[in-house]
Each structure stands twice: as structure tokens, then as C-alpha cells.
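Data block below; observations after.
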Amino acid sequence: MNTARSNPINAIAMHGALILYTLIALFPVFVILINSFKTRKKIFREPLALPDAESFSLVGYQTVLKQGDFFLYFQNSFIVTVGSLTLILLFGAMAAFALSEYRFRGNMIMGLYLALGIMIPIRIGTVAILEMMVSTGLVNTLWALILVYTAQGLPLAVFILSEFMRQVSDDLKNAGRIDGLSEYTIFFKLVLPLVRPAMATVAVFNMIPIWNDLWFPLILAPAEETKTLTLGSQVFIGQFVTDWNAVLSALSMAILPVLVLYVIFSRQLIRGITSGAVK
Amino acid sequence: MTALTLTNVNKSFGTVHVLKDINIEVNEGEFVVFVGPSGCGKSTLLRTIAGLEDVTSGEVRIAGEVVNQTPPSKRGIAMVFQSYALYPHLNVRGNMSLALKQAKESKATIEARVAEASRMLSLGDYLDRFPSELSGGQRQRVAIGRAIVRHPKLFLFDEPLSNLDAALRMNTRLEIANLHEQLGATMVYVTHDQTEAMTLADKIVVLRDGCVEQIGSPMELYNNPANQFVAGFLGSPAMNFLPANLLEDGSPNTLGVRPEDLMLDPAGPLEITTKHVEHLGGDTNVIADCHGHQITLRLFGQHAIHSGAALRLGVAEGKSFFFDAKGNRLR
């Protein structure tokens, strides 16, 4: 590691590769952002040009804020994402703890069963889910989305977290038991803080697909009052006419909250990804 | 009075039979060491005493009471772990007082007990530090302090010195011995290190493959081992084992001699070729070849022996042990 650091050619190559990747990754975001501030004509004529005095226009943002209840969509997305993440982390961690900590009949089978969801996409079951939601009366409620996303996120969460929880020292948990802590206290006070980096990893991996999802909001909660941001933005995309200003503005605004959540989790995330390698 | 009684304790994990009919009695105030090679079940045995594992069959009594169904926190025990197992989110004071808080002791009691323990272990300056800010030795002292404050009927130590470096290990060993003297408490200590066992124990329990091989005081086991395993396990350098027919013609048995019971004797019965000589100053260890068998000889003082030298050895009178083909001692 030290030799790689001190060798200037290696350092340049490394940074060059990383900078290149960053540029490629950020380019679409950049294009969306600059075009959201341009007039419709300029978007098509010079899609890569920066907005200048002549082409600058906030018409997209104005449309977005006028048409539809953008803040409600925003709030819906936020409730669904945070709600699902909370449930995924809570139940995922609990299941992972049970699987990694307790010896019981069928432990292994249960682990496999829970991991099965990683391999089978939940969208295959869309029709059944829809029928279920209709019969329980949950269609067009945010609960429908939260429940589906929780189910979608749990397998990976259990898989990752149980792996991390196996690494938490048995001695520590046993020390807690000898000192008279309950299993819940051991879980919440001793184990969870130690797997926090893994929890952040799970949170980020789940957060972005949930925030961006169009499929389930479209099918399970398309009503005006339960529309999510992604679904709300779709009103600007028509079969024949698409209001690109509005779409780009809506997308620009949709990036922000994810960015904020990501910044919150990212310190933990980096530790989570590298913790095995560094320690 | 007996502090701990194990009666026919068995433990299986699935089809693996880990502890086989263990019977041990520990008297009040005794320091008992479970020793054995890794995988012999000594840690599992300690964990069944602590209540962290259930016994499959048999009975565990602590201070006369059957505790098979009692959870660890109600057994009146305290345990010190190899990896210290300090609570990372609590400072030293918090670590030591948690168990008492859980047991709903009064604030004054908690404070007095923490003060007492930190004085005994000279932890006074560190009470407000977090485990991550302490060195290995300090962490182990906190772990011991956490055990002391509970005033347990039984202290359990699970290889507490394995993570410390050699010098610190020696100091902490002395500290534990002192602690035992000061507290007069019953202690059960698990280790794979026979030196720790010999130096600390009032009573050693030698375990192998989940069975008790022998129980006795360190010198009893050293001078009078029940079988070849115990003879070979205790003592450093380890006992030499040679075919007995080197001494008596035609004997199918094994001869065991401790390295210090061999002596240079020009008329001795054993013929050796020196392979390697370790000059330790106080002792000289000679590793030699005796008719294809490796043999270690420990001489007191300094001797000018060169590797490759051919020597003859004699065995001190009454110091040879004989074992049959199954390793049982022949008397």
C-alpha cells in the first residue's frame, strides 16, 4: 500500500482512472442539471451547452411547481423510502441476529429461504401482490408500497447483516448475558452499534431503488394523493408530447433528497465496504 | 463446603459428543485450572458452568444449588473472557457497574464496589476512559474488575492471558494469583498453557477429548501422572517417551523420563548423539537422538557440550515411568 502511494506514476494512473470514472458517472446528472435551466429550444439545439443569459429559463421548475402537487409527491416518496428503510433495517437486523446467534432446528433452511428473495425478482409476483392489496384494501395507500419494498429489501438485508453479525464477538454477547442483559438489550445496545457500517450499506443499497421505483407506485398506488415523485414526474412524459423542461426539472429536484440521505450514510457506508479489508 | 459440583455432565452438539461424563468437585476458595489441548472441551465445560450452554445431561451445582435451569446472570458467577469483551459504548466505570445496575443495586453500593475494584486493580485513573482508549493489559484489568464488583460465588476465567504479550502475561498472572489470595474466592480458570496451570492452580483438571484424564494438585500430577497423556502434557520441556526395551530387553511398554531426571553417566544404559544444544545460562537443554528417538535432556548449570557429541545417559533412580501400549501407567 505504501509503495503504491509513494510511486507517482501509480498515483497518477490511479487518480486518472478514478477521475475518468467519476466524470462518466456524473455526466448524465450534469446534463440533466444544466438542461433543466434552459429553454426548450436550447435543450434540443445544444444539449451540452451551459445555460447562458439567452438560454436561461426556469420554465421547467415553474411548470413542475404549478402542475400537480409536487410537494405532496415529494412527501410521499420520502415517507415510503424512510418507512421502508426503517422496517427493512429493523426486521432485517432482527432476523439476521436470530439466524446468526441462535441454534435452532431449520436455521440453515430458514436462512436459505430468506435469501431466496435475492434470486427471485419480486416483480414476478406483481399480479398476486396487486390482488392481495385489493383484497386487503391497501391499494392506493402508502402502506402498500412500504410493505412491498420491505419485502423486496429484506432478503439482501438479512443476508448481509447475518454475515456481519457472525463477526460480532460471542464473548461480548455472553458477557452481556452474564451481566443480566436481556436478549433485546444485547441486540440493540451491543450488536447493532457494532454492525452500523453494514446497516448503512444495506440502507444505501435499498434506498436508491426504492426512491427511483416507478413500477409499484404505478400499479399499487397511482391515485393523486399517493403518487410518488417518480410517478408524478411521468405526467410530463406523454406518448406524443413530452415537456422536457418539466421532466428535467422534476428529476433535478428528485436527486436532492437522495443526495442528502447518501451523505448521511456515506461515511458509514465506506467503513462498511472496507471494514473487512482494513481490519 | 463445595463451591461447584459437576455430576455426570454430558454435552453434545448434534451428533458430536463434546463432554463425556464429567465429574468434578471444587471446594470453596480453591483455584482450579482446566487444562488440555485445544478442542478438548475445556471452554465448553466452562460455558456450561456459566450457563451459556445447556448441559445435555448431568447436574451442575453452584454452592450446593442445582443451577441447570438458572440463567447465567442468576448463577452468582462472573466471567472474564479471552477477548476482554468490554462493552464498547460504555466507559470503564460503566463497564464495571452495568451488572450491578441490572441487579438493581443501590447507587452507594455500586460506587463503593467500583471504587474497591478499581483500587485493587489500580484502575482509578482510567474510570472515565472508553475501552478503545486502553491498552490490552488495562482492558484485561477492567474485565477482571467487572467480575470483582459482582462479588460472585464463582469466578470463571476463559484463557484470560492468551491475548497478552509474554511480559504482561507474567505480570497479570501474578496479579490474578494475588487477587485470589486477597478475595479468597473460588476461581475456575481455563487455559491450554501448562505453565499457567502449574503456577496458578491449587487443583488441576486435565482434559482430553471431552474426558477428565486426571484431577489433582500440580505436584501430584507432575510426580504421579495417571497416564502417558498427563505425563506428556505437564512439564516443560515435555517428558521423553522411549521404547522400554532400551532398558529392559523385550518389553513392549513405553518408558517416560522427565528431561531433568536424565543425567550424564559414562556407564549409563542410554546411548545418544547430540543434535542441538540450548544454552539458557541457568540450564542447558540438550536435544539428542537415541536410537532414532528424539530425547531432551535438561542439565542444571552451564555445560560445554557440542552438537554431534556421542554421550551416555543414566536415569535417576525411581524417576522412570512405564506406560502400556494404551498409555495407561504401569505401577
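Taking the Cα centre of the range B:237-330 as origin and charging only Cβ (+1 Lys, Arg; -1 Asp, Glu), how large is the dipole, in debye to the nearest 20? Spell out each step's value before the answer.
Details: 7 positive and 11 negative charges, 39 e Å.
For this selection, approximately 180 debye.
Sorting B:130, A:37, B:81, A:27 on the 10 Å Cβ count, fewest up front, what's the list?
Going from sparsest to densest Cβ surroundings: A:27, B:130, A:37, B:81.
Under the classification rounded if a/c is under 1.5, otherwise prolate if a/b is larger than b/c and oblate if not, where does the range B:2-231 fall, given a ≥ b ≥ c as square roots of the Cα gyration tensor eigenvalues?
Prolate.
Just B:58, B:235, B:282 to compare: in a GNM of chain B, with alpha carbon springs under 10 Å, which one fluctuates most?
B:282
Can you give me the angle between helix A:70-101 and the longest principal axis of chain A, using Cα atoms only, in degrees from 0 to 90, rounded to the nearest 10?
It is inclined by approximately 20 degrees.
Under a point spin-label approximation (7 Å from Cα along Cα-to-Cβ), what is the residue B:102-residue B:69 distance to one decimal in nm?
Reported label-point gap for residue B:102 and residue B:69 is 2.2 nm.
Quickly rank B:65-76, A:10-21 as a protection proxy: mean count of other C-beta atoms within 10 Å, highest first.
Per-residue Cβ counts within 10 Å, averaged per peptide and sorted highest first, yield B:65-76, A:10-21.
So in the range B:2-231, what percent of DSSP beta bridges are antiparallel if you round to the nearest 5?
Expressed as a percentage, antiparallel bridges in the range B:2-231 total about 55.
Does the protein assembly as shown classify as rounded, prolate or oblate by the C-alpha gyration tensor (a ≥ b ≥ c root eigenvalues; a/c under 1.5 gives rounded; else a/b over b/c gives prolate, otherwise oblate)?
Details: a/c = 2.82, a/b = 2.23, b/c = 1.26.
The shape class here is prolate.
When you count, for each residue, the other Cβ atoms within 10 Å and take the mean per peptide, how do B:7-20, B:89-102 rank with the highest first?
B:89-102, B:7-20
How big is the dipole moment of the range B:164-221 about its Cα centre under a simple scheme where the beta carbon of each Lys and Arg is +1, that of each Asp and Glu is -1, and everything else is neutral? Debye, nearest 20, please.
It comes to approximately 40 debye.
So what J values fall out for the range B:289-302 if you push phi through Karplus, 6.51 cos²θ - 1.76 cosθ + 1.60 with θ = phi - 60°, rounded to Hz, Gly and Pro as x?
Result, rounded to whole Hz: 10, 10, 6, x, 10, 7, 9, 10, 10, 10, 10, 7, x, 9.
7 Å from Cα along Cα→Cβ at both residue B:245 and residue A:266: what's the point-to-point distance in nm?
Simple spin-label model gives 7.8 nm for this pair.
Between residue B:80 and residues 5 or more places away or on another chain, which pairs have amide H atoms under 5 Å apart, with H built 1.01 Å from N, and which residues are they?
The answer is B:156, B:157, B:158.
Could you line up B:211, B:290 from fewest to most neighbouring Cβ atoms inside 10 Å?
If I rank by nearby Cβ atoms, fewest first, I get B:211, B:290.
Within 10 Å of each Cβ in peptide B:75-83, how many partner chain Cβ atoms are there on average? Round it to a whole number, please.
Taking the mean over all residues of the peptide, I get 3.
Using a simple spin-label model with points 7 Å from Cα along the Cα→Cβ vector, what separation in nm is obtained for residue B:7 and residue B:125?
5.2
Angle check, please: helix A:126-136 long axis (alpha carbons) against the longest principal axis of chain A (alpha carbons), in degrees 0 to 90, nearest 10.
Tilt of helix A:126-136: around 80 degrees.
Tell me the GluC sites (Glu not before Pro) within the range B:237-331 that lie in a loop according to DSSP and have at most 14 other beta-carbon atoms within 10 Å.
Passing both the DSSP loop test and the Cβ count: B:248, B:317.
Say the dipole of the protein assembly as shown comes from +1 at the beta carbon of Lys and Arg and -1 at that of Asp and Glu; which of B:15, A:172, B:192 then lies farthest toward its positive end?
The one lying farthest along the dipole's positive direction is A:172.
Quantify how strongly other chains surround peptide A:179-188 by giving the mean number of their Cβ atoms within 10 Å of each of its Cβ atoms.
The mean count of partner-chain Cβ atoms within 10 Å per residue comes to 4.
What's the average, rounded to a whole number, of partner chain beta-carbon atoms within 10 Å of each residue's beta-carbon in A:166-176?
Partner Cβ neighbours, averaged per residue: 6.
Can you show me the helix-derived [θ] at 222 nm for the protein assembly as shown, built from DSSP H runs with n ≥ 4 at -39,500 (n - 2.57) apiece and divided by the number of residues, rounded to the nearest 500.
-15000 deg cm²/dmol
What is the total of Lys pairs in chain B with C-alpha atoms under 17 Å apart, excluding same-chain pairs fewer than 8 positions apart? Spell out each step's value before the answer.
Values: B:11/B:20; B:11/B:42; B:20/B:42; B:42/B:203; B:74/B:101; B:74/B:104; B:74/B:153.
Going through chain B pair by pair, I get 7.
Relative to the longest principal axis of chain A, what angle (0 to 90°, nearest 10) does the C-alpha long axis of helix A:196-212 take?
Tilt of helix A:196-212: around 30 degrees.
Counting other Cβ atoms within 10 Å of each Cβ, which trypsin sites (Lys or Arg not before Pro) in the range A:93-192 have at most 13 and sit in a DSSP loop?
When the trypsin sites (Lys or Arg not before Pro) of the range A:93-192 are filtered for loop state and at most 13 Cβ neighbours within 10 Å, A:103, A:105 remain.
Using mean Cβ contacts within 10 Å as the protection proxy, how do B:213-226, A:217-230 order, highest first?
A:217-230, B:213-226
Rule-based calculations on the coordinates, nothing more; no lab input. Because the structure is a prediction, the values reported are computed rather than measured. FYI the Cβ positions are ideal-geometry reconstructions off the backbone, even for glycines, and counts take in every protein chain you see.
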